[in-house]
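In what follows, a structure is listed as structure tokens, so that the remarks can point back to it.
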Amino acid sequence: MTQQSQIQDYLQTQALKLNADDVAIAFAATQAVLQHAQAHIDDAIIAYPTLPETWRTQMILLKRLFMAMDSVYSRHAVQTVAAYGWLPETAQLQRLVQMGAPIEDTLPLNAHTVWQHLPCRTAQSGWANVADNVVNWLDLGELQGEHNRRAHTQISLPICGENGTVYGVLHLEHSAMLPENALADWVGFILAILPIVRELCPQNQDNNDDEN
């Protein structure tokens with residue numbers, strides 16, 4: 001699958017009406033950071049108490065993810081952004097990297113948490129969840145839990161392969177709905193980091209995705 005086809009497939013599958021060219025530019029920019037960026041990042045910035053031991057041996061990959069996230073965050077700062085990896089063996093989402101206000105490190109995935117946390121719903125369904133007004137979602141019963149009031153807007157996007165296999169979730173929280181160009185940059189980020197997230201979170205149902 002070509003890069004352009006990958007972008008079009010993701011946008012169509014997730015019903016995201018974004019400019020594909022903007023996503024492609026962000027995709028290329030994130031790839032450049034992943035391939036060439038060099039910076040000394042202290043392990044303590046990446047590590048946290050519940051970080052899986054297997055990931056502690058992959059700090060180079062986590063630091064590359066952190067630098068790539070920082071490159072987008074520097075252009076489109078949000079209240080919180082976190083990339084989670086999906087770990088089926090423990091039935092939970094585990095934070096890979098994060099910027100902004102603190103957020104949950106670990107999210108168990110079960111029938112209860114899919115109503116409490118949008119990243120859990122996205123991981124379970126493989127579909128994007130865009131809550132442009134969290135209060136309205138709470139009033140309608142589409143979300144539950146007072147912790148969700150910490151942000152006006154929440155966006156959870158799957159980090160997934162072309163066959164629908166979910167490897168993780170990118171979760172964004174902010175005081176207002178993101179403009180389209182900012183969301184396009186975060187989608188480009190998702191598509192570019194997919195190979196690394198897939199390496200860190202291999203899934204049993206993999207069917208040899210062919211993303212470039």
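Within the range 67-85, which residues are of a type in the set (Phe, Trp, Tyr) and open to solvent by less than 40 Å² (accessible area, probe 1.4 Å)?
Matches in the range 67-85: Tyr84 only.
Counting just the residues of the range 7-47 that are more than 18 Å from the chain's Cα centre (by Cα) and open to solvent by less than 20 Å² (accessible area, probe 1.4 Å), which one comes out nearest to Cys160 (Cα to Cα)?
Among them, the one singled out is Ala20.
Given the residues Ala91, Ala15, Ala101, which is the only one that is at negative phi and not polar (S, T, N, Q)?
After ruling out the rest, the residue left standing is Ala101.
Scan Leu107, Leu62, Leu93, Leu51 and give me the residue that is open to solvent by less than 30 Å² (accessible area, probe 1.4 Å), hydrophobic (A, V, I, L, M, F, W, C), assigned to a helix (DSSP H, G or I) and at pLDDT 95 or above.
Leu62
Take the range 134-167 and flag every residue that is part of a helix (DSSP H, G or I) and open to solvent by 10 Å² or more (accessible area, probe 1.4 Å).
Val135, Asn136, Trp137, Leu138, Asp139, Leu140, Glu146, His147, Arg149, Arg150
Could you look through the range 119-133, keep only residues that are part of a helix (DSSP H, G or I) and over 16 Å from Ala82 (Cβ atoms), and pick out the one that is most open to solvent (accessible area, probe 1.4 Å)?
Within the range 119-133, the match that is most open to solvent (accessible area, probe 1.4 Å) is Gln124.
Working only within the range 65-99, note down all residues that are small (Gly, Ala, Ser), under 21 Å from Ala37 (Cβ atoms) and without any contact (Cβ under 8 Å) to a residue 40 or more places away in the chain.
Ser74, Ala77, listed by residue number.
Out of the residues in the range 79-90 that are within 18 Å of Thr165 (Cα to Cα) and part of a strand (DSSP E or B), which is nearest to the chain's Cα centre (by Cα)?
That would be Ala83.
Which is among the β-branched types (Val, Ile, Thr) and touching a strand residue (DSSP E or B) at 6+ places or on another chain (Cβ under 7 Å), of Thr2, Thr50?
Selected residue: Thr50, the only one of Thr2, Thr50 that is among the β-branched types (Val, Ile, Thr) and touching a strand residue (DSSP E or B) at 6+ places or on another chain (Cβ under 7 Å).
Name every residue in the range 170-211 that is farther than 19 Å from Gln94 by Cα, modelled with pLDDT of 95 or more and surrounded by fewer than 17 Cβ atoms within 10 Å (Cβ to Cβ), in order of residue number.
Ser175, Ala176, Met177, Pro179, Glu180, Asn181
The values are calculated or read from the model by the stated rules, or taken from the named source; none is laboratory data. Please read all numbers here as calculations on a predicted model, not as lab measurements. Every residue, glycine among them, receives a Cβ derived from its backbone with ideal geometry; neighbour counts consider all protein chains shown. Areas reflect the complete protein model, heavy atoms only, side chains present, ligands, DNA and RNA absent. Shrake-Rupley method; radii C 1.70, N 1.55, O 1.52, S 1.80 Å.
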